[in-house]
Ligand SMILES: Nc1ncnc2c1ncn2[C@@H]1O[C@H](COP(=O)(O)OP(=O)(O)O)[C@@H](O)[C@H]1O
Ligand SMILES: [Mg+2]
């Protein structure tokens with residue numbers, strides 16, 4: 001499955017980080033910043049982001065933390081991602097919209113790779129198969145201590161707690177996994193201090209967007 005003709009002005013921006021880091025809070029603030037400057041964007045998320053992919057999401061984010069073998073879990077994430085790319089992300093980029101995604105493939109590398117021990121080579125292979133040579137233009141990694149993120153996430157109500165309920169060491173591996181991905185490719189990633197207040201984090205994000213892209 002190949003991406004088609006992505007409009008030259010479209011951008012694909014992803015938000016990554018652990019539970020409670022502020023991804024969902026920040027992504028809508030960026031959308032509204034862009035809208036005020038005449039840039040159309042859509043906000044989407046993984047797993048999910050299209051009606052069928054959201055059905056797969058339910059299987060991944062709820063239920064017992066050990067309900068899937070890690071290998072099956074990786075395949076479900078990539079199945080959902082295939083649908084999401086085809087039905088939501090690529091069509092939006094082709095019509096000239098920006099796409100802001102609350103998680104993307106870095107989460108698979110870190111949660112199922114560093115967190116659950118699936119080999120990185122397997123995840124890279126599946127990436128090539130499903131996503132090809134398409135990569136985000138920019139990825140924000142919202143970073144903060146695990147205990148703070150988990151406390152924030154647990155204070156929020158909801159039944160999407162399958163990953164939240166994994167142990168502390170898992171979340172430490174996730175945090176360190178994101179940091180090492182970012183350090184290995186500094187041009188594509190920006191690490192943001194997620195412990196700062198909501199407005200301050202938003203300011204850091206919009207400053208970076210203005211620096212990197214043609215937005216005023
Ligand atoms: N910078 C921040 N400081 C304090 N609380 C925050 C901050 N950003 C988000 N929150 C709160 O923490 C909780 C988790 O934020 P959320 O954006 O849902 O995180 P994520 O999507 O990364 O799991 C929410 O209740 C949110 O209002
Ligand atoms: Mg969220």
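The lone criterion from (1) in contact with a helix residue (DSSP H, G or I) (Cβ under 7 Å, 6 or more places away or on another chain); (2) within 16 Å of ligand 2 (Cβ to nearest atom) left unmet by residue 113 is number (2).
Under the condition of being outside any helix (DSSP H, G or I) and crowded, with 19+ Cβ neighbours inside 10 Å, which residue from the stretch 139-156 is farthest from the chain's Cα centre (by Cα)? Among residues in the stretch 139-156 that are outside any helix (DSSP H, G or I) and crowded, with 19+ Cβ neighbours inside 10 Å, the one farthest from the chain's Cα centre (by Cα) is 144. Within the stretch 167-190, which residues are in contact (Cβ under 8 Å) with a residue 12 or more places away in the chain, farther than 15 Å from residue 143 by Cβ and in a helix (DSSP H, G or I)? Within the stretch 167-190, 168, 170 meet the criteria.
Across the stretch 18-41, the qualifying residues are those that are within 16 Å of ligand 2 (Cβ to nearest atom) and either more than 18 Å from residue 158 (Cβ to Cβ) or surrounded by fewer than 19 Cβ atoms within 10 Å (Cβ to Cβ) (or both), and the one among them that is nearest to the chain's Cα centre (by Cα) is 24.
The rows are residues; the columns are (1) without any contact (Cβ under 8 Å) to a residue 40 or more places away in the chain; (2) buried (at least 21 other Cβ atoms within 10 Å of the Cβ); (3) within 16 Å of ligand 1 (Cβ to nearest atom); (4) not in a loop (DSSP other than H, G, I, E, B).
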position: 47; (1), (2), (3), (4): no, yes, yes, no
position: 53; (1), (2), (3), (4): yes, yes, no, yes
position: 64; (1), (2), (3), (4): no, no, no, no
position: 77; (1), (2), (3), (4): yes, yes, no, yes
position: 111; (1), (2), (3), (4): no, yes, yes, yes
position: 122; (1), (2), (3), (4): no, no, no, yes
position: 128; (1), (2), (3), (4): yes, no, no, yes
position: 134; (1), (2), (3), (4): no, no, no, no
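Of all residues in the stretch 134-150, exactly one satisfies the criterion of being over 20 Å from residue 200 (Cβ atoms) and within 15 Å of ligand 2 (Cβ to nearest atom), namely 150.
Since every read-out is calculated from the coordinates, none of them should be taken as a lab result. All values derive from a computational prediction rather than experimental measurement. Neighbour counts run over all protein chains shown; Cβ positions are idealised from the backbone, glycine included.
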